[in-house]
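Accompanying notes for the structure given below.
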Amino acid sequence: MNPLHPKKLLLSKWTALAPVNKEKHFLVTKVVEPEAPGGPVEWVDIDAVHSRQTRRIAWETLRDDTLWRQGWV
């Protein structure tokens, strides 16, 4: 499990271990703040480096070693 905190995710780099559409390198471009102030962060927007397509994922999926690796590998 990758150790990380949602407040340190912005502009972090990630590698998908199971690429989709040949997209494997991603950058966290936005940490989506909860509607209720002080609530926990649940979502992040990640951009594919080559296609610039944005996906919204639950930030905790980045902690799964079988799906994501921190940095560009």
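What follows is calculated from the coordinates using simple rules that are stated; it is not laboratory data. None of these values were measured; they are calculated from a predicted model. Cβ coordinates were reconstructed from backbone atoms using ideal geometry, including for glycine residues, and neighbour counts include every protein chain displayed.
Remarks
- In the chain, taking the dipole from charged Cβ atoms about the Cα centre, the farthest positive-side position among 57, 10, 37 is held by 10.
- Under a 5 Å amide H cut-off, with hydrogens placed 1.01 Å from N, residue 12 pairs with 28 among residues at least 5 apart or on other chains.
- Across the stretch 52-59, computed HN-Hα scalar couplings (Karplus, 6.51 cos²θ - 1.76 cosθ + 1.60, θ = phi - 60°) run 6, 7, 9, 10, 9, 10, 5, 4 Hz from first to last residue, x flagging Gly and Pro.
- Rounded, prolate or oblate (a/c below 1.5 giving rounded, otherwise prolate when a/b exceeds b/c) for the stretch 6-70 by Cα gyration tensor: prolate
- Under the criterion of Cα pairs below 8 Å and six or more residues apart, the relative contact order for the chain equals 35 percent.
- DSSP-loop chymotrypsin sites (Phe, Trp or Tyr not before Pro) across the stretch 7-47, with at most 11 other Cβ within 10 angstrom: none
- Ordered by the number of other Cβ atoms lying within 10 Å of each residue's own Cβ, fewest first, 28, 41, 73 fall into the sequence 73, 41, 28.
- Simple spin-label estimate for residue 23 and residue 10 in nanometres, 7 Å along Cα-Cβ: 2.2 nm
- Summing charges over neighbours of residue 45, with a neighbour being any other residue whose Cβ is under 9 Å away from its Cβ, gives +2 when K and R count +1 and D and E count -1.
- Antiparallel bridges, percent of DSSP beta bridges restricted to the chain (to nearest 5): 100 percent
- Close amide-amide hydrogen proximity is noted between residue 68 and 17, each under 5 Å apart and 5 or more residues distant or on a separate chain (H modeled in the peptide plane; Pro and chain starts excluded).
- The stretch 6-70 - charge dipole about Cα centre, Lys and Arg +1 at Cβ, Asp and Glu -1, debye rounded to 20: 320 debye
- Relative packing of peptides 29-36, 46-53 - highest average C-beta neighbours within 10 Å first: 46-53, 29-36
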